[in-house]
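Asks: Provided herewith is a single structure, encoded as structure tokens, for subsequent inquiry.
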Amino acid sequence: MSTDRPRFSIVVPTRNRAHLLRHAVQSALAQTYDDFEIVISNNDSSDNTDEVARSFADPRVRYVQTDRTLPMSIHWEFALEHAQGLYVTFLCDDDGIVPSLLSRIDDLLQPGSRQVVYWTSATYYHQNWTDVSQQNRLMIPPHDRENREEEPRSLLRDLFDLKQYTRSFPKMLNSCCSREHVEMIRKASGRFFQVSCPDYSSAATLLSTAESCHCMPLPLGLCGASAESIGASVLRRLNDKAISQFWKEYEGAFEWLTPLTQGSAVNAIADTLVRTRSALSAQLGEYDLDWSMYFCLCWDELATERRCGGDVAQLFTDFHEALKQQPENVQNRVWTTIAAKRHDWWKKFPVRMKVAAVRVLPSVVLDRISSWRNISGRSAGFTDIAEAAGYLESQLTHDIGASCQCLSAVGPMTEWRGTTGVSTRQSPIAATHE
């Protein structure tokens, strides 16, 4: 450790997830780079989080706690204030990181610059994930090996175009920046994290003032999916228990700045970006949301909730009323896109073409999905996200496909599962990267 400030701070905000927190911190303590601190911030938990946090007999672990329950963004701000490192990153209590992460970041950092370094992530399904067939599984995405520099303005444009489902952005959960950079943002806007999605607000704020942005395309983080995970749950059900609790903690804290008031992921992200743009108008004033995309994605979430049996009749009524208030060109684009998604075009094709498509499409979909490696923890020998992080590190180390950028075939038997639900048992094959 340094004699004054540690080089890195890994900030771990947590609330009532003691059973997950332990493994997240273990993955951080496994770093091969030693000059760092871990700041565990307890947001008024009612479980044994305090006991777990204090159980780590390591001088690099510090523990702080709030005196009351805070909304997530306010708690993240509280946790950030206690970080002492020269560079800062966040780690959710249900996530993990590979042992070489800080070492790789350190190789890219340039002292004195407003620089952002970010990485991509694999997905780990915890032992209590709601889909039993996916419990204790690691999904490794296709990836490049070469680091690349990206233009912050281009990333911001994609962010405000709501392309979060098609590409990665440097959020504080998968990025690292200097403390000076953070403090400059806080001075300009009064705070670093905006409600209601602190991760996406951090992406906008970081990129708004960054001089450069470096991407490490290797999956060096693990996004955890558990029964308590807000991000994973909201993609499954709009009224999930974890989501309901999340919004309950924000009661009275803010009013929606978006046309809709549904508590969905897209609406929360859009609301956060609008707020961040307002807070940093000098830096983000030229960016505006793609409102056509906004309405289309919100419709998708309502349609998904309806298919799951949720009562969204009033939300659909609100959707129609809000869309009527938009410019005509936005309305036309939205309804054209929704009509296509309803598969009205499918009725126009002859039967023989439909039959041919049904035969071809499954193989295309399966080929795309199979580019992700679906690793069974039982076969690979890991039982939690910390052990899965170690396994992922070993797979990245044995990635020998530098010339063709293919994934190494080293490892246990792997199960590939497509949309048909039919699984095929096979050894890990080389997956061509995009």
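Asks: Once R0 is set to 30 Å, what does the formula 1/(1 + (r/R0)^6) return for the Cβ-Cβ distance between ARG378 and LEU29, expressed as a FRET efficiency to the nearest 0.05?
Replies: According to the calculation, E is roughly 0.75.
Asks: To continue, here is another question. With label points built 7 Å along Cα→Cβ from the Cα atoms of ASP288 and ASP107, find their separation and express it in nm.
Replies: Taking the two extended label points, one gets 4.4 nm.
Asks: Given the stretch 8-232, what percent of its DSSP beta bridges are antiparallel, to the nearest 5?
Replies: So the antiparallel bridges amount to about 30 percent of the total.
Asks: If each of THR261 and ARG167 carries a label point 7 Å out from its Cα toward its Cβ, how far apart are those two points in nm?
Replies: Calculated label separation equals 3.5 nm.
Asks: Below 14 angstrom from the Cβ of LEU273, what's the summed charge of the other residues (Lys, Arg +1; Asp, Glu -1)?
Replies: -2
Asks: Can you pull the one-decimal nm distance between simple spin-label points at HIS82 and MET184, each 7 Å off the Cα toward Cβ?
Replies: About 2.8 nm, to one decimal.
Asks: Let me ask something else about it. Report the full-extension gain for the segment SER281 to THR397: residue separation times 0.36 nm, less the Cα-Cα distance, to one decimal in nm.
Replies: 37.4 nm
Asks: Going by average Cβ neighbours within 10 Å, how do the peptides 272-278, 333-339 rank, with the highest at the top?
Replies: With the highest mean Cβ count within 10 Å placed first, the list reads 272-278, 333-339.
Asks: Find how much the distance from ASP311 to ARG54 grows on full extension, using 0.36 nm per residue of separation minus their present alpha carbon separation; answer in nm with one decimal.
Replies: 88.2 nm
Asks: May I ask for the net charge around ARG5, where only other residues with Cβ less than 10 Å from the Cβ of ARG5 are counted and Lys, Arg are +1 while Asp, Glu are -1?
Replies: Summing Lys/Arg as +1 and Asp/Glu as -1 gives -1.
Values quoted throughout were computed directly from the atomic coordinates according to the rules given, and no laboratory measurement underlies them. Just so we're clear, the structure is a prediction, and the values are computed from it rather than from any experiment. Every residue, glycine among them, receives a Cβ derived from its backbone with ideal geometry; neighbour counts consider all protein chains shown.
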